[in-house]
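A.B. asks: Before anything else, here's the structure in question.
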Amino acid sequence: MKRAFCYDWHSSHKFQLMQKIDLHSHSTISDGSYTPSELVSYAAGQGVTVMALTDHDDTGGLEEARQAAEVHGIRLINGVEISVSWKGRTIHIVGLNVDPAYPPMAAGLEAIRAGRLIRAEAMSVELEKVGIPGSLDGARQYAKERIISRTHFARFLVANGHAKDVKAVFKHFLVKGKPGYVSHNWAGMNEAIGWIRESGGIAVLAHPGRYDIGKTTLHALFADFKAAGGEAVEVVSGSHTPDQYKQFAEFARQYDLLASSGSDYHGPTHNYFDMGRLPPLPEVCKPVWERFGIE
Ligand code: AMP
Ligand code: MN
Ligand code: MN
Ligand code: MN
């Protein structure tokens with residue numbers, strides 16, 4: 001078994017283990033570009049020692065990831081990123097240390113995946129209206145498993161010359177007010193947090209800096225998340241700026257939430273952070289991984 005730990009010689013502990021922790025990542029099970037085992041192998045190569053695979057609305061990659069993690073000597077936390085509708089907006093809730101076999105969660109995720117297919121059909125109708133035919137079949141070519149997402153439509157649109165890259169797609173298509181956008185009803189917040197908690201997991205509010213909502217609404221979101229049983233928030237995230245690390249460290253303190261850290265890595269062609277390159281959590285934070293016995 002290969003181990004890739006590094007040691008902090010200046011610590012008061014003689015040989016303190018410096019873990020490299022990344023608790024948010026995607027594989028081909030949802031919209032990432034590496035298979036679960038490729039992703040784990042990539043993470044290990046980046047020096048990551050603890051990782052969570054958190055595919056959108058699907059835990060189908062966890063078994064393969066677990067086997068790969070064993071080979072590479074890294075600790076895998078079972079994860080999922082659940083799509084939730086809250087006050088008419090889409091937010092993401094990461095479940096860490098979930099039991100993928102918990103029947104209500106498995107059934108709930110299956111229902112979300114069925115909803116994704118219905119939404120995809122509606123998206124292709126919308127794109128057809130602006131002169132882009134065949135996008136459902138096109139997106140399907142990029143969707144390798146059970147999930148069809150806007151990312152797969154984005155890859156199709158780029159490949160067909162409608163946008164220069166995936167990032168540009170999310171400016172000109174598939175978002176509110178632009179061609180191909182379809183509003184959708186995801187899981188409820190209480191429902192999603194219930195599945196996570198009842199299956200033994202911890203609910204983490206994913207990348208709060210990405211929701212493009214004002215301060216008042218942000219506080220309402222944190223209050224509702226906490227009241228529903230949410231226990232942690234992503235403070236350091238591939239989609240946060242350094243100022244947002246500070247901002248959400250303060251939210252974590254104010255709402256008494258544990259802090260998480262994750263790149264939201266989707267593969268080499270995405271604009272998110274690379275794995276194993278995240279800065280440490282701000283000092284004031286209580287790391288969520290202490291709940292998994294990791295210091
Ligand atoms: P969906 O869950 O199908 O609505 O798709 C959401 C996914 O689209 C996210 O998980 C991201 O992977 C991707 N996405 C959303 N906004 C952007 C963006 N601005 N640039 C790149 N990818 C994006
Ligand atoms: Mn994604
Ligand atoms: Mn997300
Ligand atoms: Mn994600």
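A.B. asks: Near the amide H of Leu281, under 5 Å away, which other amide H atoms are found, from residues 5 or more places off or on another chain, if H is placed in the peptide plane?
C.D. replies: none
A.B. asks: Of Asn97, Val204, Ala154, which is farthest on the positive side of the dipole of the chain, counting Cα position, with +1 on Lys and Arg Cβ, -1 on Asp and Glu Cβ, and the Cα centre as origin?
C.D. replies: Of the options given, the answer is Ala154.
A.B. asks: Roughly how tilted is helix 215-227, in degrees to the nearest 10 and between 0 and 90, from the longest Cα axis of the chain?
C.D. replies: 70
A.B. asks: Relative to the Cα centre, what is the charge dipole magnitude of the chain, using +1 at the beta carbon of each Lys and Arg, -1 at the beta carbon of each Asp and Glu, and rounding to the nearest 20 debye?
C.D. replies: 620
A.B. asks: Now, a different point. I need the peptides 150-157, 63-70, 124-131, 227-234 ranked by packing, meaning the mean over residues of other C-beta atoms within 10 angstrom, with the highest value on top.
C.D. replies: 150-157, 227-234, 63-70, 124-131
A.B. asks: What three numbers, in Å, describe the spread of the alpha carbons of the stretch 137-287 along their principal axes, ordered from the longest?
C.D. replies: So the extents along the principal axes, rounded to whole Å, are 47, 33, 30.
A.B. asks: Which value results for Rg/Rh of the stretch 113-172 when Rg is the Cα radius of gyration and Rh the Kirkwood radius based on the inverse mean 1/r?
C.D. replies: Rg/Rh for the stretch 113-172 comes to 0.94.
A.B. asks: Another question about this same structure. Provide the gained length on full extension for the span Asp256 to Ser85, in nm with one decimal, where the gain is 0.36 nm per separating residue minus the Cα-Cα distance.
C.D. replies: 59.2 nm
A.B. asks: Same structure, new question: What are the equivalent ellipsoid semi-axes of the chain, built from the alpha-carbon gyration tensor (square roots of five times its eigenvalues), in whole angstrom, biggest first?
C.D. replies: Those come to 31, 22, 18 Å.
A.B. asks: Starting from the Cα-Cα distance between Thr217 and Val284, subtract it from 0.36 nm times their residue separation and give me the gain in nm to one decimal.
C.D. replies: Length gained between Thr217 and Val284: 21.7 nm.
A.B. asks: Further question on the same structure: For Phe292 and Val182, what is the calculated FRET efficiency with R₀ set at 45 Å and r taken between the beta-carbons, to the nearest 0.05?
C.D. replies: Working from the Cβ atoms, E equals 0.75.
A.B. asks: Measure up Lys246/Lys286; Lys129/Lys178; Lys144/Lys176; Lys215/Lys246 against 22 Å on the Cα-Cα distance and list the ones that go over.
C.D. replies: Lys144/Lys176
A.B. asks: Sticking with this structure for a sec: Cα centroid distance between the stretch 220-249 and the stretch 104-126, in Å?
C.D. replies: That distance is 27 Å.
A.B. asks: A follow-up question, please. Between Gly262 and residues 5 or more places away or on another chain, which pairs have amide H atoms under 5 Å apart, with H built 1.01 Å from N, and which residues are they?
C.D. replies: Leu23, Val236, Ser237, Gly238
A.B. asks: Moving on. So what's the angle, to the nearest 10 degrees on a 0 to 90 scale, between helix 103-129 and the longest Cα principal axis of the chain?
C.D. replies: 40
A.B. asks: If the chain between Ala106 and Lys164 were fully stretched, how many nm would it gain, using 0.36 nm times the residue separation less the Cα-Cα distance?
C.D. replies: Length gained, Ala106 through Lys164: 17.2 nm.
A.B. asks: Run lengths n ≥ 4 of DSSP H only: what is the helix-derived mean residue ellipticity at 222 nm for the chain, with -39500 (n - 2.57) per run over all residues, to the nearest 500?
C.D. replies: -11500 deg cm²/dmol
A.B. asks: Just how large is the dipole of the stretch 113-172 about the Cα centre, in debye to the nearest 20, putting +1 at every Lys and Arg Cβ and -1 at every Asp and Glu Cβ?
C.D. replies: Numbers: 12 positive and 6 negative charges, 58 e Å.
Dipole size: approximately 280 debye.
A.B. asks: Further question: Ordered by packing density, taken as the mean number of other Cβ atoms within 10 Å over each peptide's residues, highest first, how do 111-118, 261-268, 285-292 rank?
C.D. replies: Taking the mean over residues of other Cβ atoms within 10 Å, the ranking is 261-268, 285-292, 111-118.
A.B. asks: Could you tell me how many degrees, from 0 to 90 and to the nearest 10, lie between the Cα long axis of helix 189-198 and the main elongation axis, the longest principal axis, of the Cα atoms of the chain?
C.D. replies: 40
A.B. asks: For the stretch 73-227, what number results from the quotient of the Cα radius of gyration and 2.2 N^0.38 Å?
C.D. replies: 1.13
A.B. asks: Given the chain, what percent of its DSSP beta bridges are antiparallel, to the nearest 5?
C.D. replies: Once the DSSP bridges in the chain are tallied, antiparallel ones form about 45 percent.
Read the figures in this text as sums done on the coordinates, not as results from a lab. Fair warning: this is a prediction, and the values are worked out from it, not measured in the lab. Cβ coordinates were reconstructed from backbone atoms using ideal geometry, including for glycine residues, and neighbour counts include every protein chain displayed.
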